[in-house]
């Protein structure tokens, strides 16, 4: 039930963000130009590095905003290692995407870093956040990526 509520809240928050009116100010630092796409690379530490990163289940998903004000699954990484990788490539359609991190299972604090970088270029943006020990099952929308051709505008997700 908690997972359903969290997912519904994420959908409503994304709808407000993606479909609000007004001109957005774009920072050129937020733009990654790459003909091959962008790679989302997630790493994490558990309990300040005192526990193995594989002692928790962390998942990375790439979702796309649809015309019905909802999110649809595009790709995900669900390995049992200490990192996850997803690629948004030039074959994906233009539009708004969300990089979502989920605390699948565990009972410790998890500090995580999501790097978004060009597949064939070295431009990288880094986003940090964390889950508390009580956040098991929580999904966090961390980054918004707007794809237009070979241009990817990357910014921290905001429900405002």
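The values are calculated or read from the model by the stated rules, or taken from the named source; none is laboratory data. The model shown is predicted, which means the values in this text are computed figures rather than measured ones. With ideal geometry, Cβ positions are generated from the backbone for all residues, glycine too; neighbour counts draw on all protein chains shown.
Listed by position, the strands (runs of 3 or more DSSP E) inside segment 1-110 whose residues that are surrounded by fewer than 16 Cβ atoms within 10 Å (Cβ to Cβ), at pLDDT below 90 and under 15 Å from the mean Cα position of the chain (by Cα) number at least 1 are 71-77. Considering segment 119-160, the qualifying strands (runs of 3 or more DSSP E), each wholly inside and each with 2 or more residues that are more than 21 Å from residue 38 (Cβ to Cβ) and touching a strand residue (DSSP E or B) at 6+ places or on another chain (Cβ under 8 Å), run over 124-131.
Against the conditions (1) over 17 Å from residue 30 (Cβ atoms); (2) loosely packed, with under 15 Cβ neighbours inside 10 Å; (3) in contact (Cβ under 8 Å) with a residue 40 or more places away in the chain, where does residue 132 fall short? Just the number, please. Among (1) over 17 Å from residue 30 (Cβ atoms); (2) loosely packed, with under 15 Cβ neighbours inside 10 Å; (3) in contact (Cβ under 8 Å) with a residue 40 or more places away in the chain, the lone unmet condition for residue 132 is (3).
Restricting attention to segment 139-160, the residues that are in contact with a helix residue (DSSP H, G or I) (Cβ under 9 Å, 6 or more places away or on another chain) and surrounded by fewer than 16 Cβ atoms within 10 Å (Cβ to Cβ) add up to 3.
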